[in-house]
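The values are calculated or read from the model by the stated rules, or taken from the named source; none is laboratory data. Values in this document were obtained by computation on a predicted structure and should not be read as measured data. Heads up, the Cβs are rebuilt from the backbone with ideal geometry, glycines too, and the neighbour counts pull from every protein chain shown. To get the accessible areas, we keep the full protein, side chains included, count just its heavy atoms, and leave off ligands, DNA and RNA. Shrake-Rupley method; radii C 1.70, N 1.55, O 1.52, S 1.80 Å.
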Amino acid sequence: MWGMIATWRMALEGIVQASDALRQGATSARAVVDAVAEVEDFPFYKSVGYGGLPNEQGEVELDAAFMDGDTLAFGAVGNLIDIANPVRVAHALSRQRFNSLLVGAGAREWALSEGFAAKTMLTERATQHYRKRCRETIDRGLSPYDGHDTVGMIGLDKHGSMSVATSTSGLFMKRRGRLGDSPVIGSGFYCDSQIGAATATGVGEDLMKGCVSYEIVRRMENGMSPQRAADSVVLELEDKLMARFGRVGDLSVVCMNRDGEFGAATNIKTFSFVVAHEHLPPTVYLAERRDGQTCYTPADEQWMSDYAARIRAPIGEPHYD
Ligand code: ASP
């Protein structure tokens, strides 16, 4: 059995290619790193890699991670500026015995010293989004923090090895130096080839409070199905934060066990994710919660074409509702 699952529609093109590679016997590490790099390179995905949205100062600070489920080795970078593929840097760091999580100037220095390419990651389109948001925020005092999405990708290969990788520009207009869950092991990602893997997207400040990815893997280890593990972790964290903190941000997760069974859970209106495995061609699903359970159906052609149009639409004037 081989399989892949990833957060958001943006993972589709990467999964189409990587699932072919998995079918032909590629490792899960190769599959997830190449598929995430594909998302990073695509300029119209505005929350990952090249074209990602900037922080308050107008700088694109990128976070990424990789974890090898056989050895439990992981590598991660945070607040990395102007390096082409943060996920490849994270993967390279997972091979180091120490210094697995590097941030800021140190991460950039290390990446350059290892031969990773420098690249200006701020695009004209992301600059237009930034200027528009600055105007909206000044005029009406809007919260700048929406506009995010992390690609989190899990792979299971024919040899039974699993890997997970994440990549994000984090929250739009975040403070310089802010880290979310995506480069934080146990929160944004976790992977153990003997059990399964999980990865998260949403408001990192809240996802980290539940160490959600580790918790999902732990529940799968204790015998829960991937779907129940995902739903129960998201529901319980949401209830706990509402009761004790008074509010909760977006929380969405996907997971897969070592048999290729998968799960997804969300507390938002529509969460898209992509799955492929030996018996399923790459498919985009739309998930929503009904009666405490996440339900999902394949996205139809209309949704797919609206999506393609939306991500390329002109940026337009500030919006005030
Ligand atoms: N979890 C990411 C962060 O907080 C953002 C996202 O997934 O939407 O940086």
Residue in region 288-308 that is within 16 Å of the ligand (Cβ to nearest atom) and of a type outside the set (F, W, Y) present: no
Of all residues in region 145-203 being of a type in the set (S, T, N, Q) and outside any loop (DSSP other than H, G, I, E, B), the one that is farthest from the ligand (Cβ to nearest atom): S163
Number of the condition not met by F44 [criteria: (1) hydrophobic (A, V, I, L, M, F, W, C); (2) farther than 19 Å from D82 by Cβ; (3) outside any loop (DSSP other than H, G, I, E, B)]: (3)
Residue match in region 52-68 (condition: closer than 18 Å to S161 by Cα and either part of a helix (DSSP H, G or I) or open to solvent by 10 Å² or more (accessible area, probe 1.4 Å) (or both)): yes
Test: residue in region 216-228 that is within 20 Å of G180 (Cα to Cα), touching a residue at least 24 places away in the same chain (Cβ under 8 Å) and either open to solvent by 60 Å² or more (accessible area, probe 1.4 Å) or within 16 Å of the ligand (Cβ to nearest atom) (or both): yes
Scan of region 1-54 for residues that are in contact with a strand residue (DSSP E or B) (Cβ under 9 Å, 6 or more places away or on another chain), within 16 Å of the ligand (Cβ to nearest atom) and more than 16 Å from A276 (Cα to Cα), ordered by number: V39, E40, Y45, S47, V48, G49, G52, P54
Residue within region 103-113 that is surrounded by fewer than 22 Cβ atoms within 10 Å (Cβ to Cβ) and in a loop (DSSP other than H, G, I, E, B) present: no
Members of region 128-144 that are surrounded by 15 or more Cβ atoms within 10 Å (Cβ to Cβ) and under 24 Å from the mean Cα position of the chain (by Cα): H129, Y130, R133, P144
Residue pairs meeting the criteria (Cβ under 7 Å; at least 6 apart or on separate chains; first closer than 16 Å to A29 by Cα, in region 187-208; second more than 9 Å from the ligand (Cβ to nearest atom) and basic (K, R)): S193/R258; Q194/R258; G196/R258
